[in-house]
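Q: Before anything else, here's the structure in question.
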Amino acid sequence: MGTLEGRVALITGAGRGIGREEALFFAKEGAKVVVNDPGVEIDGTGGDGAVAHSVVEEIVAAGGQAVANLDDVTDWHGAERMVATAVETFGDLHVVVNNAGIERVRSLVATSEEEFDAVIAVHLKGSFAVSRFAARHWREQYDLGARVDRSLVNTASGSGLLNPLPLHTSYAAAKAGIAAMTTVHALELGGYGVRVNCLSPSMARTRLTMEVPGMSERPAPGAFDPFHPAASAPVAAYLAAAGCPLTGQVLTVRGGDVMVNKGWSPGPRVAKEGLWTVGELAAELERLPYDDPFDRLAQALGGALGGEGRERIRAMIDAALAEHG
Ligand SMILES: NC(=O)c1ccc[n+]([C@@H]2O[C@H](COP(=O)([O-])OP(=O)(O)OC[C@H]3O[C@@H](n4cnc5c(N)ncnc54)[C@H](O)[C@@H]3O)[C@@H](O)[C@H]2O)c1
């Protein structure tokens with residue numbers, strides 16, 4: 001028996017990349033899956049219904065159960081319809097994986113209002129809207145007496161949580177917001193048996209990451225592929241399974257590595273009885289140790305910030321700004 005036998009799962013953006021792998025894995029583990037995806041381009045424009053339908057066909061051909069939904073997560077009524085599709089087709093909804101995502105790689109000075117709004121809409125508003133309608137259904141069911149394990153799995157990113165990536169103003173802001181919502185929703189929804197966690201995939205080979213250096217390299221035949229987009233699927237399934245004890249957690253997944261993230265947390269402090277003068281603050285605050293965003297980026301790229309590291313990273317940022325200015 002699969003680990004998700006009898007579970008009904010709605011996965012947004014399940015037509016491609018990480019979401020597609022999650023849908024296939026969930027179905028193999030026995031879940032009935034709503035494959036949501038309007039099949040848009042990387043920047044969120046356009047649309048192609050065949051994207052979601054082909055994943056459904058793949059699941060059904062392998063003996064699983066799935067239904068396509070082509071709604072856009074940024075559409076309030078679309079979010080409501082996705083939840084309704086699960087309940088009407090399969091009788092209930094146990095799991096939501098908020099995975100849909102787009103990207104607009106732009107520097108702060110070049111980002112337009114439309115670009116910022118589009119990225120925030122898909123990641124942040126989309127996760128909020130789908131969670132909101134699912135949570136309403138779950139609260140109603142709880143009030144009617146149902147005592148069922150429900151699971152919400154959000155999708156964040158190292159960009160926004162661990163390392164600042166240049167050209168990611170809107171994406172990083174949205175992803176940090178999703179991690180913050182995860183902890184708020186874990187507290188709010190726990191009373192109706194809903195656990196809320198968040199995945200933070202890292203270096204998964206999809207169309208969003210094809211330009212990341214080294215990403216197009218393939219492992220030798222038969223060797224483990226740490227960049228395969230399927231890496232997140234078993235972690236999402238673990239979080240989705242009835243009986244998983246985790247809630248309010250953000251897990252980074254890179255290949256076979258799964259890491260528990262520690263969020264913003266209290267650090268060194270200075271204190272005084274009464275108001276500081278600016279001069280006093282300068283004297284006290286400047287003695288404290290600080291995180292260096294250059295060092296965070298260097299670590300994310302796989303090394304520590306050595307002697308010439310800062311200059312190398314500065315040059316990399318300048319080149320990226322020149323390209324996407
Ligand atoms: N690939 C990585 O290494 C990586 C790293 C960190 C986070 N992520 C996150 O993982 C998620 C999946 O990304 P991916 O790399 O598989 O990208 P992808 O482009 O391969 O897949 C994303 C899917 O989301 C769909 N989508 C876009 N807008 C939508 C909308 N408004 N409503 C419903 N569906 C929509 C797209 O049509 C697409 O099929 C995203 O949230 C992304 O930010 C990916």
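Q: Give the residue, chosen from G78, G2, that is modelled with pLDDT of 95 or more, out of contact with any strand residue (DSSP E or B) (no Cβ under 8 Å at 6 or more places or on another chain) and not assigned by TED's automatic domain parsing to the domain that holds E114.
A: Going through G78, G2 in turn, the sole match is G2.
Q: Ok, one more. Go through region 132-160 residue by residue and tally those that are more than 12 Å from the ligand (Cβ to nearest atom) and within 13 Å of the chain's Cα centre (by Cα).
A: Of the residues in region 132-160, 1 are more than 12 Å from the ligand (Cβ to nearest atom) and within 13 Å of the chain's Cα centre (by Cα).
Q: Could I ask something else about it? Between residues in region 99-117 that are surrounded by fewer than 17 Cβ atoms within 10 Å (Cβ to Cβ) and residues that are at pLDDT below 95 and assigned to a loop (DSSP other than H, G, I, E, B), which pairs lie under 7 Å by C-beta distance while being six or more apart or on different chains?
A: Note: pairs meeting the criteria are A110/G325.
Q: Looking at region 1-118, what helices (runs of 4 or more DSSP H) fall wholly within it and have at least 1 residues that are within 12 Å of the ligand (Cβ to nearest atom), closer than 17 Å to R132 by Cβ and not aromatic (F, W, Y)?
A: 76-90
Q: Residue under question is A204, and the condition is that it be among the aliphatic types (A, V, I, L, M) and not in a loop (DSSP other than H, G, I, E, B); does it hold?
A: Considered against the rule, which asks whether it is among the aliphatic types (A, V, I, L, M) and not in a loop (DSSP other than H, G, I, E, B), A204 comes out as no.
Q: Could you say which residue among G243, G248, G267 is under 15 Å from the mean Cα position of the chain (by Cα), surrounded by fewer than 17 Cβ atoms within 10 Å (Cβ to Cβ), assigned to a loop (DSSP other than H, G, I, E, B) and away from the ligand (no atom under 15 Å from the Cβ)?
A: When all the criteria are applied, what remains is G248.
The values are calculated or read from the model by the stated rules, or taken from the named source; none is laboratory data. Because the structure is predicted, anything quoted here is derived from the model rather than measured. Cβ: placed from backbone, ideal geometry, glycine included. Neighbour counts: every protein chain shown.
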